[in-house]
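Participant: Sharing a structure here in structure tokens format.
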């Protein structure tokens, strides 16, 4: 295997693919046989569409992050309660044993 090979993650590849698509679409619009006013209007419309999609994606990600945070808090609370219960049970078992005299 070649150790010089770059290990790229899925997110980096996806981002490169999307960026290439956007660049290609923009160049296609710029070199299309339309008057400049139409081309600029089309670019403006596409930019607005992209902005709306980005806002929707950010909102979706924010909602998912909030749900994950809430789930994490609930699991932490459950686990910490179980740990406290276990510690209390161990203390109860150990406490009576301290006062007893060793058996011979």
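Taken together, the values in this text are just the output of simple stated rules run on the coordinates, not laboratory data. Here the structure is a predicted model, which is why all the values come from computation and not from measurement. Please note: Cβ atoms are built from the backbone with ideal geometry, for glycine as well, and neighbour counts cover all protein chains shown.
Participant: On full extension of the chain, what length is gained from residue 30 through residue 51, given 0.36 nm per residue of separation minus the C-alpha to C-alpha distance?
Facilitator: Values: separation 21, 0.36 × 21 = 7.56 nm, distance 1.95 nm.
Stretched out fully, the residue 30 to residue 51 stretch lengthens by 5.6 nm.
Participant: Another question, then. Could you list, bin by bin from short to long, the percent of Cα-Cα pairs of segment 15-93 in 10 Å steps?
Facilitator: Going out from 0 Å in 10 Å bins, segment 15-93 shows 15, 23, 17, 13, 11, 10, 7, 4, 1 percent.
Participant: Next question. For residue 66 and residue 23, FRET efficiency with R0 = 25 Å and r from the beta-carbon atoms, rounded to 0.05?
Facilitator: After rounding to 0.05, the efficiency reads 0.15.
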